[in-house]
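Just so it is clear, none of the values below were taken in a lab; they were calculated from the coordinates. Computed from a predicted model, the values in this text were never measured in an experiment.
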Amino acid sequence: MIKLQFSAMCLFMALFIVSCDLNGESHEKFTGYVSVVETIIPDSAYTGQTIPVYARAAAPNGCWSDLQLYLGKSVVADTVYGISATGLYESYNGLCTEILVSEDTTFNFKPDTAGTYLFISYSSLLVPTYDTLYVLDSLPGKR
């Protein structure tokens with residue numbers, strides 16, 4: 001009798017677990033890269049001067065949220081910087097509102113040595129854009 005009750009209970013649990021699916025619905029959630037669509041950097045500056053580096057990121061639909069922009073220095077070259085952006089993607093059944101989601105920020109960049117600085121803005125399509133900042137040794141009249 002106990003074996004029969006146990007078997008019936010196992011069968012009931014198996015049916016219960018199968019019936020608890022999402023009825024064919026899907027849910028997807030992850031953090032991924034989004035495109036940096038605009039970058040504004042002055043052409044030139046002086047050492048010690050604070051330079052505004054404006055960047056705007058965009059994602060193609062309303063499933064994206066919480067966009068974050070980052071400015072990072074290359075580990076290979078002291079004068080190369082990368083601008084990238086990430087966002088949170090969450091979708092139920094692949095349905096997303098058709099709106100452009102965007103975020104912008106201005107980084108304060110202060111070069112300490114003269115030279116040519118390269119800023120690489122990354123896209124989710126892996127097609128980067130390049131901006132160059134020429135930094136001169138000192139402000140005029142400060143010699």
- Across the Cα atoms of the stretch 76-131, what radius of gyration and what greatest pairwise Cα-Cα distance (Dmax) are found, in Å? 16.2, 53
- Task: Hey, can you grab everything whose amide H is under 5 Å from the amide H of V101? Only 5+ residues off in sequence or another chain; H modelled, so Pro and N-termini drop out.
- Result: A59, N61
- Message: Relative contact order of the stretch 46-143, please, whole-number percent, based on alpha carbon pairs below 8 angstrom and at least 6 residues apart.
- Response: 36 percent
